[in-house]
Amino acid sequence: MHAEEPEWTTSAREDLDVHVTAVHSTETLGEVTARFVAVEVTSRVVGYLRTLRSGEVLDAVELDLPETTLATTAALLTLTPEVLEGAGLVSERWPGALHAAEHAAIGLLPLVASCDRWDIGGLSTALHDDTGLPSIFVYDSYPGGAGFAERGYASLATWLVATRDAVAACECPSGCPSCVQSPKCGNGNDPLDKAGAIVVLDLVIGAVARDGGGGPGAALADDV
């Protein structure tokens, strides 16, 4: 027997659901709301993708594995349909824009919290059952939470300004591993809308700025 170095990598595909079990803190910022919440994350690996290093997907292999449940804490952002449409994002773009913003936010959370992106999970959806709104969750991947999402919520302005700047500064045309793609995405990094993510992040940052200093993290905007 000997080690092999195939030309492809594998990544898990999973079904994921996040249910809010308690709300610890809420900041309403006009048509944007930020919350620190307790959540129950239910996930089930349904298969995996074999992907060439170029990004081309070779095939998908199905698996039948049991569900796992994690009780943890999360930073939750919601935006109204009206504010997204007013910014020029039609509803067809919401899933990709929210998904890309979620990935980018996870990648930059270590800026304000002592963590690695593998310590964090996320979910984005154009209509979440608990909120009834377009929503982004970023949660700790540890039972009971580990304080990472809470620090992100407390430093929201710092966190998301850095996230927006990193995405905007990336020279790729439509998204890459340096900005909005994630190496652990359970949906194979699809859909992603890089330009839409910048719009979403700008909306949240603008809402925090208009709050006049009372929003989460507003007083910490210069602590990097």
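The values are calculated or read from the model by the stated rules, or taken from the named source; none is laboratory data. Source: prediction; values computed, not measured. As a convention, Cβ positions derive from the backbone with ideal geometry for all residues, glycine included, and neighbour counts pool all protein chains shown.
Do we find that L77 is touching a helix residue (DSSP H, G or I) at 6+ places or on another chain (Cβ under 9 Å) and either of a type in the set (S, T, Y) or at pLDDT below 95 (or both) in this structure?
On the way: touching a helix residue (DSSP H, G or I) at 6+ places or on another chain (Cβ under 9 Å): yes; either of a type in the set (S, T, Y) or at pLDDT below 95 (or both): no.
So L77 fails the test.
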Pairs, first under 10 Å from A104 (Cβ atoms) and modelled with pLDDT of 95 or more in the stretch 161-172, second of a type outside the set (A, V, I, L, M) and part of a helix (DSSP H, G or I), C-beta under 9 Å, six or more apart: T163/G107; R164/D202; A166/G107; V167/K194; C170/K194
Going through (1) assigned to a loop (DSSP other than H, G, I, E, B); (2) buried (at least 21 other Cβ atoms within 10 Å of the Cβ) one by one, S124 fails only at (1)
So V161, is it of a type outside the set (S, T, Y), more than 30 Å from T68 (Cα to Cα) and out of contact with any Gly (no Cβ under 8 Å at 6 or more places or on another chain): yes
So if I check each of D64, D59, which one is over 30 Å from V161 (Cα atoms) and either out of contact with any strand residue (DSSP E or B) (no Cβ under 9 Å at 6 or more places or on another chain) or outside any strand (DSSP E or B) (or both)? D64
List every residue pair whose Cβ atoms lie under 8 Å apart, where the two residues are 6 or more positions apart in sequence or sit on different chains, the first residue falls within the stretch 77-100 and is touching a residue at least 12 places away in the same chain (Cβ under 8 Å) and over 19 Å from R164 (Cα atoms), and the second residue, located anywhere, is part of a strand (DSSP E or B) and not aromatic (F, W, Y). T80/V32
Name the single residue, out of those in the stretch 189-222 being buried (at least 17 other Cβ atoms within 10 Å of the Cβ) and modelled with pLDDT under 85, that is farthest from D119 (Cα to Cα). D211
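Suppose the filter is within 26 Å of F137 (Cα to Cα) and in contact (Cβ under 8 Å) with a residue 24 or more places away in the chain; does T51 pass it? Walk me through how you get there before you give the answer.
Working: within 26 Å of F137 (Cα to Cα): no; in contact (Cβ under 8 Å) with a residue 24 or more places away in the chain: yes.
Criteria not met by T51.
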Unique match (being touching a residue at least 40 places away in the same chain (Cβ under 8 Å), touching a strand residue (DSSP E or B) at 6+ places or on another chain (Cβ under 9 Å), surrounded by fewer than 18 Cβ atoms within 10 Å (Cβ to Cβ) and β-branched (V, I, T)) among T28, T21: T21
Can you name the residue in the stretch 31-55 that is among the charged types (D, E, K, R) and not in a strand (DSSP E or B) and, of all such residues, is surrounded by the most Cβ atoms within 10 Å (Cβ to Cβ)? E31
Which of (1) in a strand (DSSP E or B); (2) at pLDDT 95 or above; (3) over 19 Å from A149 (Cβ atoms); (4) β-branched (V, I, T) is the odd one out, the single condition V83 does not satisfy? (1)
Quick test of your reading of the structure: P95 fulfils all but one of (1) in contact with a helix residue (DSSP H, G or I) (Cβ under 8 Å, 6 or more places away or on another chain); (2) crowded, with 16+ Cβ neighbours inside 10 Å. Name the failing condition by number. (1)
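Every residue, every condition in (1) more than 21 Å from T73 (Cβ to Cβ); (2) surrounded by fewer than 22 Cβ atoms within 10 Å (Cβ to Cβ); (3) in contact with a Cys (Cβ under 9 Å, 6 or more places away or on another chain), yes or no:
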residue: Y142; (1), (2), (3): no, yes, no
residue: E150; (1), (2), (3): no, yes, no
residue: L156; (1), (2), (3): no, no, no
residue: R164; (1), (2), (3): yes, no, no
residue: E171; (1), (2), (3): yes, yes, no
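Assess whether A100 counts as being crowded, with 24+ Cβ neighbours inside 10 Å, in contact with a Gly (Cβ under 8 Å, 6 or more places away or on another chain) and either at pLDDT below 95 or in a helix (DSSP H, G or I) (or both).
Working: crowded, with 24+ Cβ neighbours inside 10 Å: yes; in contact with a Gly (Cβ under 8 Å, 6 or more places away or on another chain): yes; either at pLDDT below 95 or in a helix (DSSP H, G or I) (or both): yes.
So A100 passes the test.
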